[in-house]
Structures are given as structure tokens and as C-alpha cells.
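Read-outs: derived from the displayed coordinates by stated rules, not from any lab. Note that the structure is predicted; figures quoted are calculated from it, not measured. Glycine also receives a Cβ, built like all others from the backbone with ideal geometry; neighbour counts cover every protein chain displayed.
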Amino acid sequence: MPARATRSTLAALARRARARIGGHRAELHVDRLPAEQVVRLAFELLLRREPDSAALDHYRERMERGELTRVGLVDVLLSSTEYRHSVSFDDLLASMHVSRSHFVRGLPPARRILDLGGTDQADDRGALVSLGYPYRFDRLVVVDLPPDERHALYRRSTPGRLQCELGPIEYAYHSMADLSPYEEESFDLVYSGQSIEHVTEPEARAVLAGALRVLVPGGWLCLDTPNGPLWRLHSPELVNPDHKVEYGHDQLRAMILAAGFEIVEAKGLNYAGPAAEEGRFDPLVAARNVGVFARPEACLHLAYVCRKPST
């Protein structure tokens, strides 16, 4: 399946492309180039091909008449059917990041959120917000270990509190397996994004039990994590040196149900294709199949939307 970028990803691509094509800081000063060269560059950057003669003439003439700006050209190409359906990812990490953004943008709205292991190494707002969670909240608590207790990959320090465009964020430094600092039924959503694999299986069961306790009846538990059996087709080693357990769908599904949750959706991120279902792994196929899919066992990452029973 071809790549389909989320709106947040499109915006990021647009900013980069605008900087190349029309931005004041563009090193090549593309804004001074003739319209024909701008059209050629835009097609090469975004659609990865030369423009056909009809498209070249069409966009060049519109730009010369002042009907289309350089930024407008970027937006037109980003919103085109060709870009959305025919331009595929080759970079697996970039593709997985977009897939996670798809998943996060589809999470339920919540006013009080607990994000387990949610530090973002490049964004003080944390992973949930940086991945594109769209809803305003009254409280977002990001739980992570103190920086000096984390693996060297994750030692970025973060502020204790900050205000972002969606609401207030506070950081709490302790193990995600111990949610005793939080009162019963004090959160509407618990999110665990690429974090449950960083603790042992007994600790993961404690995470699920703690999440059930702090959620209101009907509250949401949402998580994503590497699909261990599929990754092991690629390499017997763990995906990340800080991982303790990389679960399969059946194993994690059973743990979630045993903890008392209802699974509303069991999805996968980056479908690895029929080859995965036959026991083979092709990273290029998985990279190009960006998004959220209905076959978790054949995807690179497992993704669940779960709910605490209302009664």
C-alpha cells in the first residue's frame, strides 16, 4: 500500500519543501529561479520524477501569471492523488514514525491523560503531543525514569512543567510499573507508546494493573509496541538494546484481557505484506505499507485501543 502522510507529517514536509522552494532562508535562493525550474525542482523533491510537459506548462504558466505562488505549488503537489497514493517510503524508521502518528491522531479525546514513558528526545512536549494528538486536555502527566537512571539513548532532560498549545504538561520521574502516586479513577486515558517493552513481563503486568486502577470506568488504555515475532524474522536480536520483552500479538492480547480491559481495537502499524504471513520479512515492503492495519500479527508494531469496563 502506498504511503499516506498524516496532516502533521504533510505540514512538516511542506515546511521543508517551502524552505527549499520559496523560503527566505533557502540556501539555493530558489525563489529567484525561473518558474520552470521551480516546477521541476518541486516535482523532483515531492513526486520523485520529472514533470511531464503538460504539467510543466500548466504550473509554469500559472506561476508566471501570478495565480500560483511557490508555496502554493508545494501545497498542490502535497495534496495530489499522486503524492498520497503513489509516493512510497523507502526509509523504514521514517515510515514507522508516520504510522505511529496515524495511530496517535486516532486516539480517543481525553481531558486527563497519563503518558507512560512519554519523553520525546527532540520535543519537550513529549511523544503524545509531538506525534500529533489533536485534542485539548486539562492535564497531561508524562511519566519517565529520572534521566540518570535511563539507558544512554534516552537521557535527555526535560522541564518539570510547561504549557503547550493543547494544555498543561507535567513530568513525573519514577517507574511506570509503580502508579501508586496517582489516585484511583483520576485519568481518562493512559497511553503507553513504545514503552511497555522496556520493562520486564512482571513489571508489564503491574503497569496494566496500575492503569486499570487509575482510569475512570470507561476510560481508555492505548498502547503500541514492537511485534517481537515479526522482528525476529529479520534478526534474532532485540530491536533496541534497552528492550526487555518484545511481545507477540497473542501474548500481549492475553495479558491485556487478564488485566481486566476490553480490547476495542487490535491493530498493527506498517503491514509487512503476505511474506510476513509466510514467515519472511522484507523491510522495504514494511516501509512502503505505512499506516494502521487490521492484521496486527503481520505488522511491525502492535497497537491497541482498550477500555476499562464501565461497571
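The GluC sites (Glu not before Pro) of segment 207-297 that DSSP puts in a loop, and whose beta carbon has at most 16 other beta carbons within 10 Å, are Glu237, Glu278. Here's how it looks for Arg295: its modeled amide H is under 5 Å from those of Gly268, which are all 5 or more places away or on a different chain. Between Leu145 and His174, the built amide H atoms are under 5 Å apart, and every one of these is 5 or more places off in sequence or on another chain. Along segment 46-51 the Karplus relation, 6.51 cos²θ - 1.76 cosθ + 1.60 evaluated at θ = phi - 60°, assigns HN-Hα couplings of 9, 9, 6, 7, 6, x Hz to successive residues, with x for each Gly and Pro. Need one word for segment 121-229: rounded, prolate or oblate. Basis is the Cα gyration tensor (sqrt eigenvalues a ≥ b ≥ c); a/c below 1.5 gives rounded, then a/b vs b/c decides. Because its axes are fairly even, with a/c under 1.5, segment 121-229 counts as rounded. Estimated from helical segments only, the mean residue ellipticity of the chain at 222 nm is -10000 deg cm²/dmol, where each DSSP H run of four or more residues counts as -39500 (n - 2.57).
Under the convention that each Lys and Arg Cβ holds +1 and each Asp and Glu Cβ holds -1, the size of the dipole of the chain around its Cα centre is about 740 debye.
Evaluated at q = 0.17 Å⁻¹, the base-10 log of the normalised Debye intensity for segment 92-307, with identical point scatterers placed on the Cα atoms, takes the values -1.23. Multiplying the residue separation of Glu183 and Asp123 by 0.36 nm and removing their Cα-Cα distance gives an extension gain of 18.8 nm. Working note: Karplus 6.51/-1.76/1.60 with θ = phi - 60° gives segment 229-240 the couplings x, 6, 4, 6, 5, 7, 7, x, 6, 5, 4, 9 Hz, where Gly and Pro are set to x. Modelled spin-label separation between Glu165 and Ala209, with each label point placed 7 Å from Cα along the Cα-to-Cβ direction: 4.1 nm.
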